[in-house]
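A short write-up of the structure that comes next.
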Amino acid sequence: MTQSLLVRLSPNLAGDFWGGLAAMLVALPSAIAFGVTIYSPLGASYAAYGALAGILGATALGLIAPALGGTQRLITAPCAPAAAVLSAFAIEFLQRGAALEAALLMLMIIGLMAGALQVIFGTVGLGRLIKYMPYPVVSGYLSGVGLIIIASQVPKFLGVPKEIHFWQSLLAADAWRWQGIVVGAVTIAVMVGSPRVTKRVPAAILGLAAGVLAYFGLGLLDPTLLVVEGNRLIVGPMGGGSGGGFSEAFMGRFDAMAAIDLAQLQLLLMPALTLAVLLSIDTLKTCVVLDALTRSRHDSNRELIGQGLGNMASGLIGGIPGAGTMGATLVNLSSGAASRLSGVMEGVLALLAFLLLASFIAWVPVAALAGILIVIGVRMIDRHSLQLLKSPHTILDFFVIIAVVAVALTIGLIPASATGIVLAIFLFIREQIGGSIVRRKAYGNQSFSKQIRLQDEMEILEQRGDQAVIVELQGALFFGTTDQLYSVLEPELKARKYIVLDMRRVQTIDVTAAHMLDQIRDMMADKGGYLVYSQLPQNLPSGKDMQHFFDQIGLAPSKSAARIFGELDAAQEWIENRILQEAALERTAEKPLDLHELALFKGRKEETLTALEQRLEKRSVKSGDRIFARGEAGDEIFLIRRGSVRIMLPLGAKQARHLSTFGRGDFFGEMAFLDGAARSADAIAYTEVELFVLSRKTFDAFADEHKKAALKLMEGLASVLTGRLRYANAELQALES
């Protein structure tokens, strides 16, 4: 029954087992090294304590995090950020004169608090935000952690006493232990070079094994190396400062927790927050890479909850906290793992290693662990970021990375991340300001609406159309681009009666930009002009409805100087109509035109027009009715006596594109009239329409009797169509400029 349950949990049980085993072999040496790094500042006797804490951390995280986190194949284990933060805290805490037992307790509470904060992050939905940390910030923080790890391990690599730190250790050559240097160098050489020989066994395992063998080889030459007591080159026997065992020290911490007060918890909040953020970033960064490799998608918030509970469990049993680790996860994946069970397998196998290797830990050379961590630290440094120096466009991003590293080394990792985020925001604002907010600008005598105008109307619009300017905007309208936009519009305020802002490509607008637009509207009102908006986005990336936002802040057309149109064409048509009204050429409200008043027939003989009118069909169409539909057969040309007609191209069941509008005195349907093909679009009465309808069959009969009049009609059609084409070409040129 147990076997069938496991099969249901993971159809690829063998792959998950081998993946978990390989991941454990990668994670465990690092976990031991991280534990020694954290606890060795407390004293040489605590190094083994740290090693066991690393193993217990790998066990608790391996059992809890994959079971509750949910990300397939992710391996969670103690990691470098935890070692960097906790070892730095331990050193600083002891420098204040605190007792060793208090330091042990504080390390445990920091781990518990960090785990609890991760659970809170996941519960309130911060998982999606943390993984969007800017690349320069992530690169800088990883490089900073790598340098911190290297600096903390160099003294151990050189074998100097624990009270001698990085810079002092480099200068104190007389305190170096050449045996430790040899062991560390062998470890590093094997760890770096072994992948060229074999990748079946993890490099960290081979490096550790080589370091141990090198140490015992040196022990044959120097028997003092084979003594456990007082030997600072090895981890040594487990125990606290008072000589108690692990279980005694562990249980003692629970007794001491009752004495913790609020002031002490406040002291621990910042390092716990630092640790929680860094562990969360480390985990989610690994999850993103894993998603890309497996074409899956993780749940960031659920994963943070699982990671937080795993870190709390690790703290409760005396382990160190951790995160989803890249190296162990990739080894797990390449070894055939297919599910979360591989992570649980890694935890179980880490527990077995704890039971089997407890007595062996005392003989692990500290220099070998230091060598492993130095390699890990070097690999964490983002050397690819040097490529950013090659381009002037990315050189400032490189300096963001340098700033993050500098703050991480001098102040702390959380201030470093905050510094990087602030600098990244400044770079973003600089980029937005540097780009042009105006995509295109055209005037009303260069770009026209889809309303088909008569020749005399087009002449008026060519003469007076520059009363309007059309400015297509793009990007973000915010405090950083407001001055740029005003500089573009300022000269137009003096020369134009209509300013049209095409908003279709605007991504967002803030109150500063809105206030500036409000001022421009008032300026236009003072001179009797209009500020016209077209195509306000209804669904901005921020989720804001711009139309609703304009209503709230008073930019909507509640005042006479503002107008909002759903389409740019509608705005242009409204402006053109006003210009034509001012020129007394718009007569849409007058009586229907007679035949001799239509532009096509002006100057024709009265008897010819009388003969033609007798053959024409007079038709009335109500507003909104279809005159003809796309695909219909028909050979009629329609002459508009009164009203307006829109030509629409159907795009789907409920969508159509507005192609053009024809008004009083104009004509449409000429294509089918000329070639006899099916209609290419729909014709809809935009207002109530009065039409003359002339079919090709009727025209041919008329032409037999009035050849000269028929020829003149065809010439008139050709002339109007040529004029339309010329205006279309001119508009295309204006758009390209």
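The values are calculated or read from the model by the stated rules, or taken from the named source; none is laboratory data. In this text the structure is predicted, and so the values were computed from the model without any measurement. A quick note on method: Cβ atoms are made from the backbone with ideal geometry, for glycine too, and the neighbour counts reach across all protein chains shown.
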Practice task
For the range 172-191, indicate whether the set of residues that are under 25 Å from Lys285 (Cα atoms), modelled with pLDDT of 90 or more and in contact with a helix residue (DSSP H, G or I) (Cβ under 8 Å, 6 or more places away or on another chain) is non-empty.
Solution key: no
Completion exercise
Among (1) among the β-branched types (Val, Ile, Thr); (2) surrounded by fewer than 22 Cβ atoms within 10 Å (Cβ to Cβ); (3) at pLDDT below 85, Val124 falls short only on (3)
Completion exercise
Of the residues in the range 641-664, those that are more than 14 Å from Ile627 (Cα to Cα) and within 46 Å of the chain's Cα centre (by Cα) come to Pro650, Leu651, Gly652, Ala653, Lys654, Gln655, Ala656, Arg657, His658, Leu659, Ser660
Practice task
Tally the residues that are out of contact with any His (no Cβ under 7 Å at 6 or more places or on another chain), assigned to a loop (DSSP other than H, G, I, E, B) and crowded, with 24+ Cβ neighbours inside 10 Å, restricting the search to the range 36-72.
Solution key: 0
Practice task
Please name all residue pairs, on different chains or six or more residues apart, with Cβ atoms under 6 Å, provided the first residue is in the range 217-228 and is at pLDDT 85 or above and the second residue is surrounded by 13 or more Cβ atoms within 10 Å (Cβ to Cβ).
Solution key: Leu218/Gln179; Leu218/Leu225; Gly219/Leu225; Gly219/Leu226
Exercise for the section: Evaluate the range 391-401: report whether one residue or more is outside the structural domain of Ala51 (by TED's automatic domain parsing), polar (S, T, N, Q), surrounded by fewer than 22 Cβ atoms within 10 Å (Cβ to Cβ) and within 30 Å of the chain's Cα centre (by Cα). Expected result: yes
Problem - Complete set of residues in the range 511-534 that are among the hydrophobic types (A, V, I, L, M, F, W, C) and either assigned to a helix (DSSP H, G or I) or touching a Cys at 6+ places or on another chain (Cβ under 9 Å) (or both) - result: Val511, Ala513, Ala514, Met516, Leu517, Ile520, Met523, Met524, Ala525
Problem - Ala90 vs. criteria farther than 18 Å from Thr286 by Cα and surrounded by fewer than 24 Cβ atoms within 10 Å (Cβ to Cβ) - result: no
Exercise for the section: Check every one of the helices (runs of 4 or more DSSP H) wholly within the range 282-375 and list those with 3 or more residues that are surrounded by fewer than 22 Cβ atoms within 10 Å (Cβ to Cβ), assigned by TED's automatic domain parsing to the domain that holds Trp178 and more than 32 Å from the chain's Cα centre (by Cα). Expected result: 341-357
Practice task
Answer yes or no as to whether Thr508 is in contact with a Phe, Trp or Tyr (Cβ under 9 Å, 6 or more places away or on another chain), among the polar types (S, T, N, Q) and either surrounded by 17 or more Cβ atoms within 10 Å (Cβ to Cβ) or not in a helix (DSSP H, G or I) (or both).
Solution key: yes
Handout entry: Flag for Tyr135 being under 32 Å from the mean Cα position of the chain (by Cα), aromatic (Phe, Trp, Tyr), within 20 Å of Lys285 (Cβ to Cβ) and crowded, with 22+ Cβ neighbours inside 10 Å
Key = no
Problem - Cross-chain or 6+ apart pairs with Cβ under 6 Å, the range 267-279 first and over 17 Å from Leu309 (Cβ atoms) and surrounded by 19 or more Cβ atoms within 10 Å (Cβ to Cβ), then at pLDDT below 90 and not aliphatic (A, V, I, L, M) - result: Pro271/Phe89; Leu278/Pro81
Exercise for the section: Tell me the strands (runs of 3 or more DSSP E) entirely within the range 650-737 that contain at least 3 residues that are at pLDDT below 85, assigned by TED's automatic domain parsing to the domain that holds Ala611 and touching a helix residue (DSSP H, G or I) at 6+ places or on another chain (Cβ under 9 Å). Expected result: none
Practice task
Report yes if Gly50 is assigned by TED's automatic domain parsing to the domain that holds Val344 and under 16 Å from Ala337 (Cα atoms), otherwise no.
Solution key: no
Problem - Residue check, Ala82 at pLDDT 85 or above, part of a helix (DSSP H, G or I), out of contact with any His (no Cβ under 7 Å at 6 or more places or on another chain) and closer than 19 Å to Arg340 by Cα - result: no
Practice task
Considering only residues that are charged (D, E, K, R) and free of Cβ contacts under 8 Å to residues at least 60 places away in the same chain, look in the range 90-136 and name the one that is nearest to Ala272 (Cα to Cα).
Solution key: Glu92
Exercise for the section: Would you be able to tell me the number of residues in the range 407-446 that are more than 26 Å from the chain's Cα centre (by Cα), part of a loop (DSSP other than H, G, I, E, B) and buried (at least 17 other Cβ atoms within 10 Å of the Cβ)? Expected result: 4
Exercise for the section: Tell me, please, whether a residue that is buried (at least 19 other Cβ atoms within 10 Å of the Cβ) and free of Cβ contacts under 8 Å to residues at least 60 places away in the same chain can be found in the range 447-468. Expected result: no
